[in-house]
Amino acid sequence: GNHGQAVAFAARRFGLRAVVVMPESTPQVKVDGVRRHGGEVVLAGATRSAEQAARAEAIGRDEGLAMIPPFDHPDVIAGQGTIGLEILEQRPDVHTILVPVSGGGLIAGISVAVAALAPGVRVIGVEPAGAPKLTAALAAGAPATLDRTESIADGLLSRSIGTLTFSVLRRVVREAVTVSEPEIAAAVRYLHTQAALRPEPSGAVAVAALLAGRVAVGGPTVAVVSGGNVDPDLYQRLVG
């Protein structure tokens, strides 16, 4: 949803057509967000899977459109890396950075940028307990496809870490932790009440890891809050 909205926004700025392929389970707020920015939405498959990629590739081939993957592409990874640069600029004393993980583009970009300029900084991936694809990949030494994924953090439900993203991040990321559904919900409430933020559950998992004590804090720590596209009814249930 976040990637799709960004593509639609950029395409409109340049007068281009954007077709965004999304899972059938995508929350309506994210579908509406893509359309609001002028994108066309095609729904395919129940959850994030190869089905969406195949559908997008077919549309691109048949209609002469360029494919922009959500995470497994050098330019996407490089773009995400600017967040790492911003963190180092604002907190040069940072000790640990916690990053939400779906396909791995965000953590790959951040970890490479940070490793180049501050190699002593720990970068740790955080994912829902119901979608531990980075945890599985680090254990196996290669991307591993999960049988299924399930979580209120709907933006983190990729069944596998990206092949390219893993080849990049495996050199610099050694740790991944998981958080439970109640811990994610508690983080959403915390950010709502204590920081006046309105995160989607996917964007709150890094804070959830801190609040739940999943990571030993040894110095200044940054938790990346990566999205706010949340279904209004779900949000009210979480914060109410």
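Please specify each residue of the range 88-103 satisfying the condition of being crowded, with 24+ Cβ neighbours inside 10 Å and modelled with pLDDT of 95 or more. It would help to see each step written out before you state the result.
Here is the first cut: in the range 88-103, the residues crowded, with 24+ Cβ neighbours inside 10 Å are 97-103.
Selection gives 97, 98, 99, 100, 101.
Could you say whether any residue in the range 64-84 is assigned to a helix (DSSP H, G or I), in the same structural domain as residue 222 (by TED's automatic domain parsing) and farther than 28 Å from residue 149 by Cα?
yes
Restricted to the range 142-165, and to residues that are in contact (Cβ under 8 Å) with a residue 24 or more places away in the chain and over 14 Å from the mean Cα position of the chain (by Cα), which residue is farthest from residue 75 (Cα to Cα)?
148
On the basis of being touching a Lys or Arg at 6+ places or on another chain (Cβ under 6 Å) and either surrounded by 19 or more Cβ atoms within 10 Å (Cβ to Cβ) or not assigned by TED's automatic domain parsing to the domain that holds residue 155 (or both), does residue 23 make the cut?
Yes, satisfied.
Please give the number of the condition residue 63 fails out of (1) closer than 19 Å to residue 215 by Cβ; (2) touching a strand residue (DSSP E or B) at 6+ places or on another chain (Cβ under 9 Å); (3) surrounded by fewer than 24 Cβ atoms within 10 Å (Cβ to Cβ).
So the condition that residue 63 fails would be (1).
Sort out which residues of the range 181-201 are out of contact with any Leu (no Cβ under 8 Å at 6 or more places or on another chain) and buried (at least 22 other Cβ atoms within 10 Å of the Cβ), and write them in order of number.
Within the range 181-201, 184, 200 qualify.
(1) among the charged types (D, E, K, R); (2) at pLDDT 95 or above; (3) within 23 Å of residue 70 (Cα to Cα): which one isn't true of residue 183, the others all being true?
(3) is the only condition that residue 183 fails.
Can residue 39 be described as crowded, with 20+ Cβ neighbours inside 10 Å and touching a Ser or Thr at 6+ places or on another chain (Cβ under 7 Å)?
Answer is no for this residue.
Restricting to the range 205-222, name every residue that is in contact with a strand residue (DSSP E or B) (Cβ under 8 Å, 6 or more places away or on another chain) and assigned to a helix (DSSP H, G or I).
Result: 205, 206, 207, 208, 209, 210.
What are the residue pairs meeting all of these: first residue in the range 120-134, first residue under 15 Å from residue 210 (Cβ atoms), second residue surrounded by fewer than 20 Cβ atoms within 10 Å (Cβ to Cβ) and among the hydrophobic types (A, V, I, L, M, F, W, C), Cβ atoms under 8 Å, and 6 or more apart or on different chains?
As it stands, the answer is 123/115; 123/172; 124/215, since those pairs meet every condition given.
The values are calculated or read from the model by the stated rules, or taken from the named source; none is laboratory data. Just so it is clear, the model here is predicted, and its values are computed rather than measured. Neighbour counts run over all protein chains shown; Cβ positions are idealised from the backbone, glycine included.
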